[in-house]
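K.L.:
Before we start, here is the structure in question, set down as structure tokens.
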Amino acid sequence: GNSVTQMEGPVTLSEEAFLTINCTYTATGYPSLFWYVQYPGEGLQLLLKATKADDKGSNKGFEATYRKETTSFHLEKGSVQVSDSAVYFCALSGNKAAGNKLTFGGGTRVLVKP
Amino acid sequence: NAGVTQTPKFQVLKTGQSMTLQCAQDMNHEYMSWYRQDPGMGLRLIHYSVGAGITDQGEVPNGYNVSRSTTEDFPLRLLSAAPSQTSVYFCASGGRGEQYFGPGTRLTVT
């Protein structure tokens, strides 16, 4: 079945530091890939997505590239802010036959200190 | 446009009690789903629906029932609450994998 593995946290950074969160996946066919973000006390919000190999998703300074050869979708941001403190989830969606079901990684907590 | 709404925000139950978590969306999405979020375990799919009258089980369906009589509503029923069901529950709706999440219901079973 499908699975998503992401690096465990917490990740603690200083403001303006570079952030990378690794995500790898196992899936049949050609899944779509997502990063969701959960701020404290809130539900998940879609951060960015990529639907095919070599696509780059980007939003709010975050980027991730769909790498089929390494089955990876690593999240990066060049200069983090305190407001980026949150839990980040990598997820994939299978093919049409699997419906729209999302498979999530375990989440990575990021704490950015001033 | 309210998106996905969930009620209640918080709930405390005693073991054996039953209750219904409400979920509604106003985006006319066919696909809706329920997840539970436990510390260190990410989100796990409980049940999902691909349209009115159609539901199916997810990864952890035991102890939960769902129905989908309208496109807008997708309630989750706990038949006989157990302490293992203490969790935060999220409802989501969407299409083509992109999901919109409600704010969650924090449930404690004592």
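The values are calculated or read from the model by the stated rules, or taken from the named source; none is laboratory data. From a predicted model like this one, the values you see are computed outputs, not experimental measurements. Cβ: placed from backbone, ideal geometry, glycine included. Neighbour counts: every protein chain shown. Accessible surface is based on the protein model in full, side chains and every heavy atom, while ligands, DNA and RNA are left aside. Shrake-Rupley method; radii C 1.70, N 1.55, O 1.52, S 1.80 Å.
K.L.:
Could you name the lysines in cross-link range of A:LYS77, using Cα to Cα under 16 Å and dropping any fewer than eight places away on the same chain?
P.N.:
Straight-line reach from A:LYS77, under 16 Å: A:LYS49, A:LYS56, A:LYS60, A:LYS113.
K.L.:
Ballpark to the nearest 100 Å², how much total accessible area do B and A bury together, probe 1.4 Å?
P.N.:
Approximately 1400 Å², summed over both chains.
K.L.:
Turning to a different aspect of this structure: Using a cut-off of 20 Å between alpha-carbon atoms, which aspartates and glutamates can reach A:LYS52, once sequence neighbours fewer than 8 places away in the same chain are excluded?
P.N.:
A:GLU63, A:GLU69, A:GLU76, B:GLU98
K.L.:
Let me ask something else. Starting from the Cα of A:TYR30, step 7 Å along the direction of its Cβ; do the same at A:VAL82; then give the gap between the two resulting points in nm.
P.N.:
4.5
K.L.:
Report the one residue of A:VAL82, A:PRO10, A:LEU46 whose Cα lies farthest in the direction of the positive end of the charge dipole of chain A (charges on C-beta: Lys and Arg +1, Asp and Glu -1; origin at the Cα centre).
P.N.:
The residue sitting farthest along the positive end of the dipole is A:LEU46.
K.L.:
Just to be sure I understand: of the beta bridges DSSP finds with both ends in the protein assembly as shown, what percent are antiparallel, rounded to 5?
P.N.:
90
K.L.:
Return one whole number: the accessible area per residue of region A:32-114 in Å², for a 1.4 Å probe.
P.N.:
Per-residue value: 44 Å².
K.L.:
Based on the Cβ-Cβ distance from B:GLN17 to A:LYS113, what FRET efficiency comes out when R0 is 45 Å, to the nearest 0.05?
P.N.:
0.60
K.L.:
Here is a follow-up. Would you be so kind as to identify which of B:TYR64, A:THR20, B:CYS23 lies farthest towards the positive end of the dipole of the protein assembly as shown, taking Lys and Arg as +1 and Asp and Glu as -1 on Cβ and the Cα centre as origin?
P.N.:
B:TYR64
K.L.:
Amide H neighbours of B:TYR31 under 5 Å, at least 5 residues apart or on other chains, H built in the peptide plane: list them.
P.N.:
Residues meeting the criterion, in which the H sits 1.01 Å from N, are B:GLY94.
K.L.:
For a quick check of your reading of the filter: which chymotrypsin sites (Phe, Trp or Tyr not before Pro) in region A:1-78 sit in a DSSP loop and have no more than 10 other Cβ atoms within 10 Å?
P.N.:
A:PHE18
K.L.:
Let me ask you something else. Starting at the first residue of region B:7-16, write each ³J(HN,Hα) from the Karplus equation 6.51 cos²θ - 1.76 cosθ + 1.60 with θ = phi - 60°, in whole Hz, x for Gly and Pro.
P.N.:
9, x, 7, 9, 7, 10, 10, 8, 3, x
K.L.:
I want to make sure I understand the PRE zone here: with the label point 7 angstrom from the Cα of B:LYS9 toward its beta carbon, which residues in region B:75-110 have backbone N atoms less than 17 Å away?
P.N.:
B:88-91, B:102-108
K.L.:
Out of every Cα pair in chain A, what percent are spaced more than 17 Å from each other?
P.N.:
Looking at chain A, the distances longer than 17 Å represent 51 percent of pairs.
K.L.:
Let me ask you something else. Probe radius 1.4 Å, ligands and nucleic acids ignored: give me the carbon and sulfur share of the accessible area of the protein assembly as shown as a rounded percent.
P.N.:
Heavy-atom surface of the protein assembly as shown belonging to carbon and sulfur, 1.4 Å probe: 49 percent.
K.L.:
Using a 1.4 angstrom probe and counting only protein chains, how large is the accessible area of B:VAL109 in Å², to 10?
P.N.:
10
K.L.:
Quick one: putting +1 on the C-beta of Lys and Arg, -1 on the C-beta of Asp and Glu, what dipole do you get for region B:33-97 around its Cα centre, in Debye to the nearest 20?
P.N.:
For region B:33-97, the charge dipole is close to 40 debye.
K.L.:
Size of the dipole of chain B about the Cα centre, Lys and Arg at +1 and Asp and Glu at -1 on the beta carbon, nothing else charged, in debye to 20?
P.N.:
My answer is approximately 380 debye.
K.L.:
If you count, for every residue in A:37-49, the Cβ atoms of partner chains within 10 Å of its Cβ, what is the mean?
P.N.:
What the average comes to for A:37-49 is 4.
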